[in-house]
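The structure appears below as structure tokens.
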Amino acid sequence: MRWTLAVGLLMLPGVAMAQGLPALTLTENADGGTTYSLSFQILMLMTALTVLPSIVLGMTAFTRIIIVLSILRQALGTQQTPPNQVLVALALFLTFFVMQPTMTQFYEQALGPYLDGQMPADQAIETGTRIIKAFLIENTRQNDLMMFQQLAGDGPYANQDEVPLSVLLPAFITSELKTAFQIGFLIFLPFLVIDMVVASILMALGMMMLSPMLVSLPIKLLLFVLVDGWALTVGSLAATYGVGG
């Protein structure tokens with residue numbers, strides 16, 4: 001079935017050409033630009049929708065945010081509260097908030113002019129890629145970038161425009177993972193202290209049968225609410241990307 005579907009997709013351009021419909025064609029304009037046929041634009045749109053989850057995970061702030069929120073839930077010891085759907089929704093909306101300046105610049109300088117017909121597609125892609133690279137490089141550790149640069153066998157880059165995405169993307173994700181776990185450690189530490197204090201008090205009182213987690217959970221929740229923990233966590237995560245600073 002999959003082979004039949006693949007063959008059918010490969011035959012679509014030929015069938016469209018035979019029936020006189022617009023096929024996957026590129027037209028060179030007199031001004032040097034390139035015009036893509038409607039079917040080619042639809043193909044690019046469907047491809048973009050397919051890789052959209054990977055783009056959200058690998059080219060935005062989503063990875064750092066969702067990891068920190070997951071570690072926070074584990075530190076609180078609330079098992080599945082908040083549920084995964086709530087954490088993912090919070091991470092997505094916070095990602096949109098953090099990425100808003102970059103996305104606004106992307107739309108004003110690349111996507112908007114292309115949709116208005118003021119910029120050819122190849123120039124819009126180049127401009128958009130440069131904007132995304134600026135965000136990625138700003139939030140990527142130099143050590144991680146140099147490691148993947150050496151693994152790829154590339155020479156030193158004169159500027160950020162010369163850094164290929166094949167090197168920048170894995171370096172950015174690796175840097176995000178390291179930063180997320182560092183933030184998670186700082187969040188986990190005070191809750192770990194509370195667990196240890198409660199366990200020591202129960203042991204001193206001889207209450208061996210009483211679970212320390214059962215006693216420390218309401219204390220951690222009360223402390224987290226009193227210090228307005230969600231606002232502090234979300235605000236600190238946004239501040240790590242320079243938002244509001």
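The percentage of C-alpha pairs in the stretch 62-191 whose separation is greater than 17 Å is 67%.
Protection proxy ranking for 44-51, 173-180, using the average of other Cβ atoms within 10 Å per residue and placing the highest first: 173-180, 44-51.
Spin-label pair MET146-THR78: with each label point 7 Å from Cα along the Cα-Cβ axis, the two points sit 4.2 nm from one another.
For the pair GLU162 and LEU43, label points projected 7 Å from Cα toward Cβ lie 3.4 nm apart.
Sort TYR241, TYR114, TYR107 from largest to smallest accessible area, using a 1.4 Å probe on the heavy atoms of the protein chains.
Correct descending sequence by accessible area is TYR107, TYR114, TYR241.
The Rg/Rh ratio of the stretch 128-235, with Rg taken over Cα atoms and Rh as the Kirkwood radius over Cα pairs, comes to 1.27.
The modelled label-to-label distance between TYR107 and GLU138, using points 7 Å beyond Cα along the C-beta direction, is 1.8 nm. Normalised by 2.2 N^0.38 Å, where N is the number of residues, the C-alpha radius of gyration of the stretch 111-155 stands at 1.59. Within the accessible surface of the stretch 99-151, defined with a 1.4 Å probe on protein heavy atoms only, the carbon and sulfur portion equals 52 percent. With a Förster radius of 25 Å applied to the C-beta separation of ASP116 and SER54, the computed FRET efficiency comes to 0.30. Rounded to the nearest 0.05, the FRET efficiency derived from the C-beta distance between SER200 and SER236 at R0 = 35 Å is 0.75.
Over the stretch 50-182, what relative contact order in percent results from Cα pairs under 8 Å that are six or more residues apart?
About 30 percent, as a whole number.
The values are calculated or read from the model by the stated rules, or taken from the named source; none is laboratory data. For clarity, every value in this text was computed on a predicted model and none was experimentally measured. No Cβ is skipped: glycine too gets one built from the backbone with ideal geometry, and neighbour counts run over all protein chains shown. Note: accessible area is taken over every heavy atom of the protein model, side chains too, but ligands, DNA and RNA are not part of it. Shrake-Rupley method; radii C 1.70, N 1.55, O 1.52, S 1.80 Å.
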